[in-house]
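J.: What follows is a single structure, and I will ask about it in a moment.
The values are calculated or read from the model by the stated rules, or taken from the named source; none is laboratory data. All values derive from a computational prediction rather than experimental measurement. Reconstructed Cβ throughout: ideal geometry from the backbone, glycine too, with neighbour counts over all protein chains shown. All accessible areas refer to the heavy atoms of the entire protein, side chains included, with ligands and DNA or RNA removed. Shrake-Rupley method; radii C 1.70, N 1.55, O 1.52, S 1.80 Å.
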Amino acid sequence: MPLRIVLAGGFLAGYPEGGGHWTAFLQYLLGLRSLGHDAWWIELLRSSGDPGWDECLVRAFFRRMARYGLDRRAALLVCPREAEAPTLRTATVRGPSRLRLEEVARSADLVWNFACSLPPSLLAPFRHRVLVDVDPGHLQVSALEWNLGIEHHEELLTVGTGLPDGECGVPALGRTWRSFLPPVHLAFWEAVAPDPGPAAPFTSVTQWTWEHLRLGDRLLSVSKREAYLRYLELPRRAGRAFELAANIGARDPENDREALAAHGWRVVDPHRVARSPARYRRYVARSRAELGCPKPIHRDPRTGWFSDRSAGYLTAGRPVLMEDTGVGRRLPAGAGLLVFRDLEEAVEGVAEIDRDWARHARAARALAREFLDARRCLPAMLAGGAP
């Protein structure tokens with residue numbers, strides 16, 4: 001039976017240059033609509049304090065939604081940055097009228113609230129509230145220190161496959177979590193691009209941060225920087241090209257660009273090579289494979305995290321070589337998807353993919369079709385996640 005489903009976030013309008021970020025969440029909307037559901041997106045945008053810049057972000061948000069036929073099913077709530085409890089009545093509503101949006105919220109069968117983006121004051125009109133966690137470990141550990149409003153959700157879904165069975169070191173916060181795999185809308189990726197050739201680099205697209213969170217007496221990094229610097233020697237050891245589309249930014253206090261370059265890494269700006277969903281998909285297609293190094297907060301507690309980015313690489317027929325998070329609980333590794341735990345295993349994984357790239361490319365696409373197809377993943381999420 002078709003449902004009215006509202007998806008809620010607070011991270012698209014303020015980041016128009018994040019093509020990979022947008023790609024991940026468009027998969028949910030497009031996938032639900034292809035299944036016949038009335039899917040809406042509500043976006044919370046905290047004002048920058050500059051009305052002109054806010055207006056540029058609003059226009060860019062709706063232009064991009066319009067490219068995918070989603071602008072008439074999207075609403076943007078602009079709130080003062082300091083507002084602690086915005087509501088549908090106090091926020092500036094862009095897109096549908098305020099009355100129409102209130103009707104959508106009241107009549108919705110459920111809301112998927114990504115990463116607690118909507119605070120309790122905005123969740124109130126919805127009769128069934130589901131938290132969708134795509135950052136396992138980070139979310140739960142943060143909730144130990146800050147009130148994220150997790151208790152205002154009836155169901156909790158997580159992409160961390162280790163949380164439901166208690167096999168990871170992330171606190172469950174006294175709640176039951178159900179896991180899911182990141183969905184891909186196969187039509188969004190179209191036909192698999194041809195082999196880019198053996199000279200094409202292993203790549204990934206990532207942020208570059210320095211933050212840590214404390215869990216008991218442990219300090220856990222939430223930084224991709226720390227994750228990739230563990231494998232600084234990989235290009236030299238593997239004897240092939242590696243490239244990171246890493247958002248290091250203008251400020252580089254540790255001279256990371258210089259260190260990466262000195263060890264054979266190419267570094268490019270993701271806001272140039274992947275600044276839109278279309279450019280992001282082309283960047284993935286030009287890659288030989290993905291090298292995925294999860295944040296330590298995903299890896300060390302064995303969360304079973306699997307990235308929406310890696311899901312896209314597999315769908316594009318690009319093998320994925322990733323540091324192990326325990327993802328093998330739900331995704332078979334060995335062909336198309338390979339995991340490693342240290343530098344030696346990473347070198348072996350690179351050699352294996354290069355030795356039989358065609359087989360791993362076919363297996364990558366087959367994995368995406370069998371396990372990540374939105375037509376399979378989204379109904380499972382609506383049913384409460386995987387058993």
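J.: Find the all-direction average of the projected area of the Cα convex hull for region 174-279, expressing the result in square nanometres with one decimal place.
T.: Quarter of the Cα hull surface area: 10.5 nm².
J.: Another question, then. Using label points projected 7 Å from each Cα along Cα→Cβ, tell me how many nm separate Thr90 and Glu258, to one decimal.
T.: In this crude spin-label approximation the distance works out to 4.9 nm.
J.: Still on this structure, please answer the following. Find out how many positive minus negative residues lie around Pro183, taking Lys and Arg as positive, Asp and Glu as negative, among other residues whose Cβ is under 14 Å from that of Pro183.
T.: Neighbour charge sum, excluding Pro183 itself: +3.
J.: Shape of region 277-356 from its Cα gyration tensor (a ≥ b ≥ c, root eigenvalues): rounded if a/c is under 1.5, otherwise prolate when a/b > b/c, or oblate?
T.: oblate
J.: If you don't mind, there's one more thing I want to ask. Which chymotrypsin sites (Phe, Trp or Tyr not before Pro) in region 98-184 pass both tests, a DSSP loop state and at most 11 other beta-carbon atoms within 10 Å?
T.: Counting only loop positions with at most 11 other Cβ atoms within 10 Å, the chymotrypsin sites (Phe, Trp or Tyr not before Pro) in region 98-184 are Trp146.
J.: Just the number please: accessible area per residue for region 41-91, 1.4 Å probe, all protein chains included, in Å².
T.: About 53 Å² of surface per residue is accessible.
J.: Once Rh for region 341-382 is found with the Kirkwood sum over Cα pairs, what is the Stokes-Einstein diffusion coefficient at 25 °C and 0.890 mPa s, in µm²/s?
T.: 202 µm²/s
J.: Which loop-located trypsin sites (Lys or Arg not before Pro) does region 319-387 contain, where loop means any DSSP state but H, G, I, E or B and the Cβ has at most 14 other Cβ atoms within 10 Å?
T.: Here the sparse-neighbourhood loop sites are Arg341.
J.: Assuming 0.36 nm per residue, please report the length gained on full extension of the stretch Ala383 to Ala241 beyond their Cα-Cα distance.
T.: The Ala383-Ala241 span can extend by a further 46.8 nm.
J.: Also: For region 108-219, what is the Kirkwood hydrodynamic radius in Å, using each pair of distinct C-alpha atoms?
T.: 16.8 Å
J.: Quick one: what do you get for region 1-150 if you divide its Cα Rg by 2.2 N^0.38 Å?
T.: 1.00
J.: Based solely on C-alpha atoms, express the radius of gyration and the Dmax of region 237-387 in angstrom.
T.: 16.2, 50
J.: If you take every DSSP beta bridge whose two residues both sit in the chain, what share of them, in percent to the nearest 5, is antiparallel?
T.: Roughly 15 percent of the beta bridges in the chain run antiparallel, per DSSP.
J.: Sticking with this structure for a sec: Put a dot 7 Å past each Cα toward the Cβ at Asp50 and Asp71; how far apart are the dots in nm?
T.: 2.4 nm
J.: Enumerate the residues in region 111-139 having an amide nitrogen under 19 Å from the point lying 7 Å beyond the Cα of Glu103 toward its Cβ.
T.: Within reach of a label on Glu103, which here means backbone N under 19 Å from a point 7 Å along Cα→Cβ, region 111-139 contributes 125-127.
J.: Here's something else I'd like to know. When volume of the Cα convex hull per residue in Å³ is calculated directly from the model, which label among [x] 136; [y] 158; [z] 183 fits?
T.: Here the calculated entry is [x].
J.: How much accessible surface does Val170 have with a 1.4 Å probe, in Å² rounded to 10?
T.: The accessible area of Val170 comes to roughly 20 Å².
J.: Which value at 222 nm does the chain reach when only helices count, each DSSP H run of 4 or more adding -39,500 (n - 2.57), with the total divided by all residues and rounded to the nearest 500 deg cm²/dmol?
T.: Taken over the chain, the calculation gives -9500 deg cm²/dmol.
J.: Further question: How tilted is helix 51-67 with respect to the longest principal axis of the chain? Cα atoms for both, answer in degrees (0 to 90, nearest 10).
T.: Compared with the principal axis, the helix lies near 70 degrees.
J.: In degrees between 0 and 90, to the nearest 10, how far off the longest principal axis of the chain does helix 19-34 point, with axes built from Cα atoms?
T.: Helix 19-34 sits roughly 60 degrees off the main axis of the chain.
J.: In degrees between 0 and 90, to the nearest 10, how far off the longest principal axis of the chain does helix 98-107 point, with axes built from Cα atoms?
T.: With both axes taken from Cα atoms, the answer is about 80 degrees.
J.: Give me the net charge of Ala351's neighbourhood, meaning all other residues with Cβ under 12 Å from the Cβ of Ala351; Lys, Arg count +1, Asp, Glu -1.
T.: -3
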